[in-house]
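The values are calculated or read from the model by the stated rules, or taken from the named source; none is laboratory data. Small disclaimer: the values here were computed from a predicted structure and weren't measured. Note that each Cβ is placed from the backbone with ideal geometry, even for glycine, and that neighbours are counted across all protein chains shown. These area figures cover heavy atoms from the full protein model, side chains too; ligands, DNA and RNA do not enter into them. Shrake-Rupley method; radii C 1.70, N 1.55, O 1.52, S 1.80 Å.
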Amino acid sequence: MPTERDPIELSEQELRDIAGYAADCARRVLSLFEQNRPDDTRPRDAIDAARAFADGDRRTNALRRSAWGALEAAREATSPAAADAARAASHAAAAAFLHPLASAHQVKHILGSAAHAARAEELASGDERSAGAASLEWAGRHAPSAVTAVLGRLPAAPPGGGRVGELMRNLASSLRA
């Protein structure tokens, strides 16, 4: 088993595919944030920046700043579902900054957007766990081969993280199966 600091293979195309996947996961719940804060474009900007990177744009400080902006928007959201939708957007932009290290933390860069999107759907449905399960099922079906390939080079997802951590570990387990 590799240690936390052992390097892993990670191609630029894999990084782009992972960022595109994360953007797709976040876009599915963006309306939950925009209903709560219709004039705040930071989560949309982060998703658009992640998609642009996935489609060939350079990885820039503006992309990184968009991730931080979406995270700040999550803190300012007035509903829990909106906050998790914004966190999904933040993770989408942050996915472009996955490090080529065999660290359990890197699993969050790959699956954080999908896990927060699933939690946003649960919260929007009155904390109905079946909504999260359906979201994870969608995420599993739409994961590109780069997601499963890179997950295969990493240790298991880290413990903790509450319900979002549980959703992330569930998705990671199903993708590794």
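Any chance the stretch 146-155 includes a residue that's modelled with pLDDT of 95 or more, surrounded by fewer than 23 Cβ atoms within 10 Å (Cβ to Cβ) and β-branched (Val, Ile, Thr)? Yes, the stretch 146-155 contains at least one residue that is modelled with pLDDT of 95 or more, surrounded by fewer than 23 Cβ atoms within 10 Å (Cβ to Cβ) and β-branched (Val, Ile, Thr).
Identify the residue in the stretch 49-62 that is surrounded by 14 or more Cβ atoms within 10 Å (Cβ to Cβ) and free of Cβ contacts under 8 Å to residues at least 12 places away in the same chain and, among all such residues, is farthest from Ser113 (Cα to Cα). Per the criteria, the residue is Asp57.
If you go through the stretch 105-114 one residue at a time, do you hit one that is open to solvent by 40 Å² or more (accessible area, probe 1.4 Å) and without any contact (Cβ under 8 Å) to a residue 40 or more places away in the chain? Can you show your working first?
Initial filter on the stretch 105-114 (open to solvent by 40 Å² or more (accessible area, probe 1.4 Å)): 105, 108.
This time we only want the ones that are without any contact (Cβ under 8 Å) to a residue 40 or more places away in the chain, so: none.
There is no residue in the stretch 105-114 that is open to solvent by 40 Å² or more (accessible area, probe 1.4 Å) and without any contact (Cβ under 8 Å) to a residue 40 or more places away in the chain.
Quick one: which residue in Ala139, Ala134, Ala124 is open to solvent by 20 Å² or more (accessible area, probe 1.4 Å), of a type outside the set (D, E, K, R), over 19 Å from Ala82 (Cβ atoms) and in contact (Cβ under 8 Å) with a residue 12 or more places away in the chain?
Working: Ala139 fails: open to solvent by 20 Å² or more (accessible area, probe 1.4 Å); Ala124 fails: over 19 Å from Ala82 (Cβ atoms).
Just a single option satisfies the conditions, and that option is Ala134.
Conditions tested, residue by residue: (1) farther than 30 Å from Arg153 by Cα; (2) at pLDDT 95 or above; (3) in contact with a strand residue (DSSP E or B) (Cβ under 7 Å, 6 or more places away or on another chain); (4) in a helix (DSSP H, G or I).
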{"position": "Leu15", "(1), (2), (3), (4)": "no, yes, no, yes"}
{"position": "Asp40", "(1), (2), (3), (4)": "yes, yes, no, no"}
{"position": "Arg44", "(1), (2), (3), (4)": "yes, yes, no, yes"}
{"position": "Asp57", "(1), (2), (3), (4)": "no, yes, no, no"}
{"position": "Leu63", "(1), (2), (3), (4)": "no, yes, no, yes"}
{"position": "Leu71", "(1), (2), (3), (4)": "no, yes, no, yes"}
{"position": "Arg75", "(1), (2), (3), (4)": "yes, yes, no, yes"}
{"position": "Asp84", "(1), (2), (3), (4)": "no, yes, no, yes"}
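Restricting the first member to the stretch 75-97 and to residues that are closer than 16 Å to Leu123 by Cβ, and the second to residues that are open to solvent by 10 Å² or more (accessible area, probe 1.4 Å) and not in a helix (DSSP H, G or I), the beta-carbon pairs closer than 7 Å and six or more apart or on different chains are Ala77/Arg37; Ala82/Arg37; Ala83/Ala77; Ala86/Ala77. Mind checking which residues of the stretch 143-177 are in contact (Cβ under 8 Å) with a residue 60 or more places away in the chain and within 13 Å of the chain's Cα centre (by Cα)? Once the filter is applied, which keeps residues that are in contact (Cβ under 8 Å) with a residue 60 or more places away in the chain and within 13 Å of the chain's Cα centre (by Cα), the stretch 143-177 yields Ala143, Val147, Val164, Met168, Leu171, Ala172. When Arg44, Arg65 are checked against the criterion of being open to solvent by 70 Å² or more (accessible area, probe 1.4 Å) and free of Cβ contacts under 8 Å to residues at least 12 places away in the same chain, a single residue qualifies: Arg65.
Yes/no per residue for (1) in a helix (DSSP H, G or I); (2) over 11 Å from Ala95 (Cβ atoms); (3) of a type outside the set (A, V, I, L, M, F, W, C):
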{"site": "Ile18", "(1), (2), (3)": "yes, no, no"}
{"site": "Tyr21", "(1), (2), (3)": "yes, no, yes"}
{"site": "Gln35", "(1), (2), (3)": "yes, yes, yes"}
{"site": "Ala67", "(1), (2), (3)": "yes, no, no"}
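Quick check, is Arg5 at pLDDT below 95, over 20 Å from Arg169 (Cβ atoms) and out of contact with any Lys or Arg (no Cβ under 6 Å at 6 or more places or on another chain)? Yes; evaluated as a whole, the condition is true for this residue.
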